[in-house]
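Below is one structure, written out as structure tokens; comments come after it.
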Amino acid sequence: MSAPPSSLSPMRRAWRRFRTDRRGWWSLWIFVALVGLSLCAELISNDRPIVAHYNGKTFFPLFANYPETSFGGDFATQTDYLDPFIREQLARPGNWAIYPLNAYRFDTINYFSPSPNPAPPSAVNWLGTDDRGRDVLARLIYGFRVSVLFGLALTAIGVVIGLITGAVQGYFGGKTDLILQRFIEVWGSMPELYLLLIFASLFEPGVLILLVILSLFGWMGLSDYVRAEFLRNRNLEYVTAARALGLSSSQIIRRHVLPNSLTPVIAFLPFRMSGAILALTSLDFLGLGVPPSTASLGELLAQGKANLDAWWITLTTFTVLVGTLMLLIFIGEALRNALDTRRG
Amino acid sequence: MPGASGADDRASDSADRLLELAELSVSFETPTGPFVAVDRVSFEIRRGEKFALVGESGSGKTLTALALLGLAGDARVEGRVTLAGRELSSLSQQQMRGVRGKEIAMIFQEPMTALNPLFSIGDQIGETLMLHEGASRIAARARAVELLELTGVPEPQRRVHSYPHELSGGQRQRAMIAMALACQPALLVADEPTTALDVTIQRQIVELLDDLQRRIGMAVLLISHDLPLVRRFADRVGVMRAGKLVEVAPTEQLFEAPADPYTRRLIDSRPRRSLAPVAADAPELLRGEGVGCRFWFKSGWFGRKPFDAVRDVDLSLARGETLGIVGESGSGKTTLGMTLLRLASGDPSGQIHFGGERLDTLSQSALRPVRRRMQVVFQDPYNSLSPRMTIEQIVGEGVSLHQPELSDTLRRESIVEMLQEVGLDANALSRYPHEFSGGQRQRIAIARAAILRPELMLLDEPTSALDVSVQQQVLELLGALQRRLGLSYLFITHDLAVIRAMAHRVLVMKDGRVVETGETEALFSSPQADYTRQLVSAING
């Protein structure tokens, strides 16, 4: 019951509570590490050596294109480093090459695969290949990166729009609130999936167009929470006290109302992100999402469904997806508990 | 009244003893180890006795009552509770349910939340009867009407079908009492039964309890922090402090010759008058002419209905003067204060002159520079400080706004100086509001207002949320600030004892209008309006 030795801001105390939740804490670090690794996907999983030394010259195939003739080949075309001939050339005495951990990019087709596609896991393709001969592990790594970045971007856009609209509604109330609420109701009743279908046929499908369409509809849930918090907080006496001090509306929102209304926003971030990842996956699964050349977890799941005997596609994609969502949910739970002022 | 039932009679034999608490302790598990909220409390209540437990908030008085009813939740309860020779502490939860409501009944502080809003009060009174006495629906309904009549609810035949929201606060508390009395309990536990009520109604409820106690002959355990009320009501009083029972004595003896120093401090902490007289030629600071505030309510689909929270109020306030605004809840006193400072959300009317300037015609942005000269301190020190700012930020916010030319060091110096003036250390600067007690928070709120060197301060129930001993300290601080800085106060309160100590002049409000206004002492000694007379008699007993 004694006062803490040093003063901690409410956010710092919440962070401290978050750290005591071991599951959430470890989930956060595992997730951060995975995202960090996937951002360096080109170094981990690529079909070109990072550095190659051939006949006394050093090459950086990862960053530059070299014709096959540079490595003793016959053609002036782009080198295929999976070609057994090139590998042999680079393995000669005096020559060396540093390969990435996994020797495929997400769109590499292994023309030299010993078994027909889809190939089960082997020493060549650790998690097998899909029905077009692309390495499953490589597609998982790149697909995870696309999903997480998409989730982050969608969440960030949703938070910004939701915060602004919620804050305007909640703080000013009255007519502003009424009009925006009605607008949200109309907007929210638009058939999102049909719009997606229409847009998918109108435009070249891509990550950007998906991001725009999902953002158009993804901010409403959050805006309701922020609005409710603002409605509550603007009536508290410290806001009236701030008005009595002579602060302007924007100063009051920034310094007094907003910081005290952020709790639900932060607590919902991981859940919104897992929702965004799942949305992208579902759309890809239905074929409405990113173009087939882009690595995507949903597209892998669809392939798994089309090739039920190729268990390695479904199983590995499923594991990655469930793992990601579970990490996010664990983080979210821990955050929610940490921000709950009714606890410790 | 007290002493009539012979409370100082020490020859109480065991048959006379209704409730006995022996070494009752209640503790909670916290991350930093067990916290003992009630510490080995022992006392007894005789049959038909009116016993009161007094103490400040957090002293464990309510928890003691909850523990003896077996309602202390997940707290650890130790010690023995005996009711009429039967040991309650050894009973199972199921057996306790038979005791609660039937042998011991309880009424709570807030009658609105203690009644279920979805059932009529007849149903809620009847429920206890059907549960404990197996009464039929019709019999229970008939008994409910009787009980409502007994507790003085007007038109009991009709009221029995009413829902809680259709009753006034006083009627709700009467319905609660009727509910508690349904099974003729031997002991009634009343936890702050009048705190949420207006003074005139408080008095009626206490009289009702007194009357019922005499007629039914039950014992009453009253839990309260209101010493005058306890003195009027109880036969014997127990004083609690920080979980310990420091003193138990017959009422008169306790109030006349308290044995424990804490009890003495508690009794002495009634507000004392220490006002500097206003200079006869003090210039006028604030004048309101025909001030009103109108709110609009929805009615029908598109219609709006006006409601005048404040109507046609004239007032004036000189420099260095305190004008008390008193009235019951809903009388419009807070709205009046907010309207005068142009902080109310309704439609204002009338003229407001502040230091020679017309306030009512200024726009909100033109008002901002004037704001420094008029500040507010609110009732609830828990809601009036932003929880995410340090004390330095809270107190310094107005300074950096109105004196942006001050350097950081100078600003910090003035903040420290102000904090010391309100009785706080410089090490409060980097701390957050949750680390301070209610009284300290109120000091911070006062510092935030006073650091701007305002001319007018609106004090909206500044001590109502505080314990009596703290209340006196805050009042003294306010008085000292007024003398030193020559402040004018608009002091809004429902507590007449406070206003009597603090105000030069008083303005009595009822239903948005001024009922009476006058010099404090004159108004208290010879009230003119009926309503004022009623108010004054309610506190004088």
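No lab work stands behind these numbers, since they all come straight from the coordinates. None of the values given here were measured: they were computed from a predicted structure. When we count neighbours, we look across all protein chains shown, and the Cβ atoms used for this are built from the backbone with ideal geometry, even at glycine.
Of note:
- Couplings 3J(HN,Hα) of the range A:280-291, computed from phi: 4, 4, 4, 4, 5, 4, 7, x, 9, x, 5, x Hz, in residue order, whole Hz [Karplus 6.51 cos²θ - 1.76 cosθ + 1.60, θ = phi - 60°; x for Gly and Pro].
- A Förster radius of 41 Å, combined with the Cβ-Cβ distance separating residue A:111 from residue A:25, puts the computed FRET efficiency at roughly 0.35.
- Overall form of the range A:145-295 per C-alpha gyration tensor (a/c, 1.5; a/b vs b/c): prolate
- Dipole-positive endmost among B:147, B:136, B:117 within the range B:104-163 (Cβ charges, Cα centre): B:136
- Dipole magnitude of chain A about its Cα centre (Cβ charges: Lys, Arg +1; Asp, Glu -1), debye to nearest 20: 1980 debye
- Of the trypsin sites (Lys or Arg not before Pro) in the range B:270-302, those whose Cβ has at most 15 other Cβ within 10 Å and which sit in DSSP loop: B:272, B:273
- Farthest toward the positive end of the dipole of chain B, out of B:473, B:70, B:168, is the Cα of B:168, where the dipole comes from beta carbon charges about the Cα centre.
- Rounded to the nearest 20 debye, the dipole magnitude of the range B:178-325 is 360 debye, with +1 charges on Lys and Arg beta carbons, -1 on Asp and Glu beta carbons, and the Cα centre as origin.
- Its Cα centre serving as origin, the protein assembly as shown has a Cβ charge dipole (Lys and Arg +1, Asp and Glu -1) of approximately 480 debye.
- P(r), alpha carbons of the protein assembly as shown - 10 Å bins starting at zero, rounded %: 2, 9, 15, 17, 17, 14, 10, 7, 5, 3, 1, 0, 0
- Positive contributions from Lys and Arg (+1) and negative ones from Asp and Glu (-1), summed over other residues with Cβ under 14 Å from the Cβ of residue B:275, come out at +2.
- 3J(HN,Hα) along the range A:164-177, derived from phi through the Karplus expression 6.51 cos²θ - 1.76 cosθ + 1.60 where θ = phi - 60°, amounts to 5, 5, x, 5, 4, 4, x, 6, 7, x, x, 5, 3, 4 Hz, with x in place of Gly and Pro.
- In this rough spin-label picture, where each label sits 7 Å from Cα along the Cβ direction, the residue B:275-residue B:297 distance is 3.5 nm.
- Residues of the range A:264-307 with amide N under 17 Å of a point placed 7 Å along Cα→Cβ from residue A:329: A:268-282
- Going from the residue with the fewest nearby Cβ atoms within 10 Å to the one with the most, A:312, B:296, B:301 rank B:301, B:296, A:312.
- Cross-link partners of residue B:244 among lysines (Cα-Cα below 27 Å; sequence separation of 8 or more within a chain): B:50, B:61
- Estimated FRET transfer efficiency when R0 is 35 angstrom, pair residue B:97-residue A:16 (beta carbons, to 0.05): 0.25
- Dipole of the protein assembly as shown computed with +1 at Lys/Arg Cβ and -1 at Asp/Glu Cβ about the Cα centre; of B:361, A:120, B:444, farthest Cα towards the positive end is B:361.
- Using a Förster distance of 35 Å, the FRET efficiency for residue A:33-residue A:201 (Cβ separation, nearest 0.05): 0.30
- Equivalent ellipsoid of chain A: semi-axes from √(5λ) of the C-alpha gyration tensor, largest first, are 49, 25, 19 Å.
- The stretch between residue B:207 and residue B:497 holds 102.4 nm of extra length on full extension. This uses 0.36 nm per residue minus the Cα-Cα distance.
- Taking label positions 7 Å along the Cα-Cβ direction at both residue A:122 and residue B:139, the computed distance is 8.9 nm, reported to one decimal.
- Spin-label pair residue B:530/residue B:364, simplified geometry with 7 Å Cα→Cβ offset, distance in nm: 4.2 nm
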